[in-house]
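Nothing in this text is a laboratory measurement; each read-out follows from the coordinates by a stated rule. All values reported here derive from a predicted model rather than from experimental measurement. Here Cβ is always computed from backbone atoms with ideal geometry, including for glycine, and neighbour counts include all displayed protein chains.
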């Protein structure tokens, strides 16, 4: 199963080791699913991790280790098409790359905290879910 974890989900996993995002990161490390990433996701991860809020709460090395892991151990998409993706859905143009990544990778899930994107529930064949909903989906899959 291919899953995209948004930057805020990834950074939340580093901040709170007991939350749903951290459980997702742990499930990826235990190879329960294939994480999907791209250069834009890594650039955003580094950018957001460098903001004062995160710099005060995270070691820079934690974000860099995560970025390296994304590049080395994920299903990595190098060439995303440019241009708008689902302009009616991605009100924030910065989210367009996530929708492009979902299409190109044929990800089953996009895990995100953004309420606007969560409200659309699907983008083509990709389900858009919260971290908690993704944990439940993984549990359901594991019980099959």
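Results, tabulated for the structure shown:
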{"read-out": "Radius of gyration, Dmax [the range 2-142; alpha carbons; angstrom]", "value": "14.1, 39"}
{"read-out": "Distance between modelled label sites at residue 64 and residue 94, nm, 7 Å Cα→Cβ extension", "value": "2.3"}
{"read-out": "Prolate/oblate/rounded call for the range 92-144, Cα gyration tensor, a/c under 1.5 rounded", "value": "oblate"}
{"read-out": "Within the chain, percent of DSSP bridges classed antiparallel, to nearest 5", "value": "15"}
{"read-out": "Rough spin-label spacing in nm, given labels placed 7 Å along Cα→Cβ, for residue 16 and residue 55", "value": "2.4"}
{"read-out": "Estimated [θ] at 222 nm from DSSP helical runs (n ≥ 4, -39500 (n - 2.57)) normalised by residues in the chain, nearest 500", "value": "-14500 deg cm²/dmol"}
{"read-out": "Cα-based shape type of the range 12-79, given that a ≥ b ≥ c are square roots of the gyration tensor eigenvalues and the cut on a/c is 1.5", "value": "oblate"}
{"read-out": "Full-extension gain in nm, residue 46 to residue 2, via 0.36 nm per residue minus C-alpha separation", "value": "13.6 nm"}
{"read-out": "Segment residue 118-residue 141, extension gain: residue separation times 0.36 nm, minus the distance between their alpha carbons", "value": "6.2 nm"}
